[in-house]
Amino acid sequence: MTSPMTEQQWTDKFTADHGREPTLSEYRAAKSAGEFSEPAATAAPGTAFPNRLRGMPAVYEYLPIILAGLGGLAILCLFLPVLTALGESANWFSTGLKEEGYLLLVSFLLLIGAGALLWFKRVTWVRMTTGGLAVLVGIFATVDGFANINHLSNTPWVSPGIGLYIIGLLGLAMIAGGVLCFLPAAERHLGQGQQRHAVTQPIA
């Protein structure tokens, strides 16, 4: 029976065996299984594995959910006021805006689907496709939001609604998330055919 290792020894062995660093889910599963001889809180400063997982690496681990969540929030924002004219408000599904609203709706639904697919199928082509789609949808949402704000601000008796501001900001977040999909760190977490690991016990 193999004796328990320190976290650093376990990390080094995992990296040597698999050719990559372990993901957050793999680390949690190993810790829950009692494979470490010392708790994370007492690991030597500068060498403890959790220090490399906290922060940005956790963002990569849950990037598919983040992108899908941004798409979901954007869909809700389609029902918020886009403009106000003479005391009347309109959203993306009001008369005269429906075509653009439905185009945005389809774009956001595609992003949600891509994020869900990446969550369950972590391979390179899915990661790259999801990243590209997120950037394109984000650009569309950002330009549509802020361009309309500028246009409506210069139109008499009309003022831009809060929906435009939120759509524009969400678009920027989508672009950022899409760019993250192309970074080397994302490949370690999302692009090497990894399967999502279920964690039955929470990390202490």
Which residue out of L110, L78, L83, L118 is touching a strand residue (DSSP E or B) at 6+ places or on another chain (Cβ under 6 Å) and not hydroxyl-bearing (S, T, Y)? L83
Just for segment 99-122: of the residues that are among the charged types (D, E, K, R) and over 21 Å from S153 (Cα atoms), which one is surrounded by the fewest Cβ atoms within 10 Å (Cβ to Cβ)? E99
The one condition in (1) among the acidic types (D, E); (2) at pLDDT below 90; (3) buried (at least 18 other Cβ atoms within 10 Å of the Cβ) that E187 fails to fulfil: (3)
Do we have any residue at all in segment 109-124 that's without any contact (Cβ under 8 Å) to a residue 40 or more places away in the chain, of a type in the set (D, E, K, R) and closer than 24 Å to G163 by Cα? no
Please determine whether any residue of segment 158-181 is among the small types (G, A, S), surrounded by 21 or more Cβ atoms within 10 Å (Cβ to Cβ), assigned to a helix (DSSP H, G or I) and in contact with a strand residue (DSSP E or B) (Cβ under 9 Å, 6 or more places away or on another chain). yes
Restricting segment 80-127 to residues that are part of a helix (DSSP H, G or I) and aromatic (F, W, Y), which is modelled with the highest pLDDT? F108
Just for segment 109-161: of the residues that are of a type in the set (S, T, Y) and under 15 Å from A68 (Cβ atoms), which one is farthest from the chain's Cα centre (by Cα)? T129
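The values are calculated or read from the model by the stated rules, or taken from the named source; none is laboratory data. None of these values were measured; they are calculated from a predicted model. Cβ atoms come from the backbone with ideal geometry, glycine included; neighbour counts cover every protein chain shown.
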